[in-house]
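Report on the following structure.
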């Protein structure tokens, strides 16, 4: 495990997807899809509703069994992996689900401590300190620690979910629509937060999003899921892509408005 | 088993207090943090004067390690020693800054326990039970009014399709489980009765026991309890899930009356279905008893029928059956009421479903006892 923690190397794919096929019944979602995510980058995944963004994420983290294809995370296969190998991988990544997916019967602090309890032998005081530190890291006030998820707003739940995802100091972070359902100000703050954390913790981020502002602000590269295939590139590269959906997406009214503020 | 603790990576994290200089190095990561934590807690900021922290030999630092580093530094500062120099590889400076903005340790959760707390809980629960009864009574009133209105103008307010669906769901689909359990109860009752009555040479009266026992009490009671567990809980879970999904709110904004749409079909449906189920359960129970009598006591079916005819009257049967609609009403009322009490989180659905079943089984048995007293006063 130690030898995997090499210094940042752009050409070192953390996630490698080859020939992935996902289908529900007759409906093909992904048709022989390839994708590389390199160490230290932020990859944004976009696509229309039902294009299979979340399915892609779930397949990579092993919640969904693909019909065909190979997926490697940190050079180890995740599809069809046995549970002990998955456990070793699960320690090295954090996942933020759409609405935080906090355990509703536990306080926020206990939620953050679940992975710590499971994978380390930390003392109780240290665990409390770490939980408080993570909360501060994601910008939540200290009194949030003793609240239950049902007492939090949507934005706070997402931040708390992020704190739990970061509990084990993962190298790889999966975010499923982190800014959806947030007001523009909170969404901006969340983007800033992710960027800042990504820089200071040296994270690799795989982010499913609909938010053009997030794409512009945070992502190094973008993967577009269209017609069951993936096209990757920077925003500038994608704007030159002739595909009508991609053209519509980046050069439509919203796309232009969001990207105009960039320049 | 995979565990972060075992995945120790060389070189390990270390620190050394050398005079006025604290040297740190190695991998200050979450894997190392439990050990570092205990060791660092023994480090006392003894002496006075300035101190230098040299962390330049740290090879890897994550947020857990950064926290320990920061805690140690703060420990020295609060211990009255000034930090004159703090060196850390440039790579980790942003992380350190990030962590530094954090606040102190967690506030301790309020402690539970003590006689006072326990008394408080008893009081709270008592008041809650009273309020629950009061609100349920209010709900009973509302449902009664809405039912009368629905029957006054059935065209507008009575959802016939939904009602028939509920009869199917709570009645027809419950036939296998109710039938099987009633049959087994009949078998058990006959077996135990025969065993005892044999001592007096009065085996034949097993049939009287069966007839009266099943028709008057057990058939109806067992059916009501099964239905409370099966359909009462389903009502709470269905309506509760709709509340979690904001479907109830959506209905109200569209102008649908939630009682008409959700509650009345369930209540009326169950009031129709439960007496029918009770009748079916009576018959299955008697069949079970008859089978047992045949094998255990050698009583043939014609003899069984003749003795049964002598033992019971139509009244015996009616007394059992008349209770069924009342049970049905209570079970469905409690089920629907608790469904509407669900809050907007998934845990509350489970909690209230459990509560609905407990309350409806409790009320069914209390009502059954009340019926017994009433019938004995009336001399039926």
Worksheet, complete the sentence: With the convex hull built on the alpha-carbon atoms of the protein assembly as shown, volume per residue in Å³ sits at 254 Å³
Worksheet, complete the sentence: When chain A is treated as a Gaussian network with springs between alpha carbons less than 10 Å apart, the largest mean-square fluctuation among A:63, A:116, A:162 is found at A:63
Discussion item. Report for the protein assembly as shown the percent antiparallel among DSSP-assigned beta bridges with both residues inside it, nearest 5.
Written reply: 45 percent
Worksheet item: Which of A:24, B:76 comes first, and how do the rest follow, when ranked by fewest Cβ neighbours within 10 Å?
Response: A:24, B:76
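So for each of B:114-120, B:300-306 I average, over its residues, the number of other beta carbons within 10 Å; can you give me the resulting order with the highest mean first?
On the way: B:114-120: 9.7, B:300-306: 13.6.
Sorting B:114-120, B:300-306 by mean packing, highest first, produces B:300-306, B:114-120.
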Worksheet entry | segment B:112-143 and segment B:301-366: distance between their alpha carbon centers, rounded to Å | 24 Å
Item to complete: Calculate, axis by axis, the spread of Cα positions in chain B along the three principal axes, and write the results as whole Å, longest axis first.
Response: 105, 60, 41
Worksheet item: What is the fewest-to-most order of A:205, A:45 by other Cβ atoms lying within 10 Å of their Cβ?
Response: A:205, A:45
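Rank the residues B:168, B:32, B:149 as a footprinting-exposure proxy: fewest other Cβ atoms within 10 Å of their Cβ go first. Walk me through the numbers before you get to the answer.
Details: B:168 13, B:32 25, B:149 17.
So the residues, fewest neighbours to most, are B:168, B:149, B:32.
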Worksheet item: Radius of gyration and Dmax for chain A's Cα atoms, expressed in Å?
Response: 18.4, 57
Worksheet, complete the sentence: Plugging the Cβ-Cβ distance of residue A:247 and residue A:70 into 1/(1 + (r/R0)^6) at R0 = 45 Å yields, to the nearest 0.05, a FRET efficiency of 0.90
Fill in: Separation of the residue A:105 and residue A:257 label points, Cα + 7 Å toward Cβ, nm
4.5 nm
Item to complete: Using the 2.2 N^0.38 Å rule of thumb for compact globular proteins, work out how segment A:50-113 stacks up: its C-alpha Rg over that value, please.
Response: 1.29
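Rule-of-thumb check for segment B:14-100: C-alpha Rg over 2.2 N^0.38 Å?
Details: Rg = 12.0 Å, N = 87, 2.2 N^0.38 = 12.0 Å.
My calculation over the Cα atoms of segment B:14-100 gives 1.00.
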Practice prompt. Take the Cβ-Cβ distance between residue B:276 and residue B:306 as r, set R0 to 25 Å, and report the resulting FRET efficiency rounded to the nearest 0.05.
Written response: 0.35
Worksheet item: How far is helix B:175-197 tilted off the main Cα axis of chain B, in degrees rounded to 10, range 0 to 90?
Response: 70 degrees
Discussion item. Could you check the spin-label model distance between residue B:23 and residue B:380? Points 7 Å from the Cα along Cα→Cβ, value in nm.
Written reply: 9.5 nm
Worksheet item: How many partner chain Cβ atoms sit within 10 Å of a residue's Cβ in peptide A:123-131, on average, as a whole number?
Response: 6
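With viscosity set to 0.890 mPa s and temperature to 25 °C, compute the Stokes-Einstein D of segment A:191-241, Rh being the Kirkwood radius across alpha carbon pairs; µm²/s, no decimals.
D = 206 µm²/s.
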Item to complete: Along Cα→Cβ, 7 Å out, is where each label goes; now give me the distance between the ones at residue B:87 and residue B:373 in nm to one decimal.
Response: 8.8 nm
Fill in: FRET efficiency, residue A:87 to residue A:123 (Cβ-Cβ, R0 25 Å, nearest 0.05)
0.60
Worksheet item: Principal axis lengths of segment B:281-321 from Cα atoms, whole Å, largest first?
Response: 30, 21, 11
Worksheet item: Measuring from centroid to centroid over Cα atoms, what is the spacing of segment B:258-287 and segment A:84-101 in Å?
Response: 47 Å
Item to complete: Can you tell me how much longer the chain between residue B:355 and residue B:59 gets when fully stretched, taken as 0.36 nm per residue apart minus their C-alpha distance, in nm with one decimal?
Response: 100.9 nm
Discussion item. Taking the 0 to 90 degree range and rounding to the nearest ten, how far is the long axis of helix B:160-170 tilted relative to the main principal axis of chain B, both from C-alpha atoms?
Written reply: 80 degrees
Discussion item. How shielded is B:23-33 by partner chains, expressed as the average number of their Cβ atoms within 10 Å of its Cβ atoms?
Written reply: 3
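In peptide B:62-71, what is the residue-averaged number of other protein chain Cβ atoms found within 10 Å of each Cβ?
Values: counts 7, 11, 11, 1, 5, 8, 4, 0, 2, 3.
Per-residue shielding by partner chains comes out at 5.
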Worksheet item: Going by alpha carbons, how many degrees (0 to 90, nearest 10) lie between the helix axis of B:301-311 and the longest principal axis of chain B?
Response: 90 degrees
Practice prompt. Output the peptides B:318-324, B:125-131 sorted from most to least packed, where packing is the average of other Cβ atoms within 10 Å over each peptide's residues.
Written response: B:318-324, B:125-131
Practice prompt. Name the most mobile residue of A:68, A:41, A:151, meaning the one with the largest mean-square fluctuation, in a Gaussian network model of chain A with Cα contacts below 10 Å.
Written response: A:151
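Where a number appears in this text, it was derived from the coordinates with a stated rule and is not lab data. Worth saying up front: this structure is predicted, and the values here are computed from it rather than measured. Note: ideal-geometry Cβ built from the backbone for every residue, glycine included; neighbour counts use all protein chains shown.
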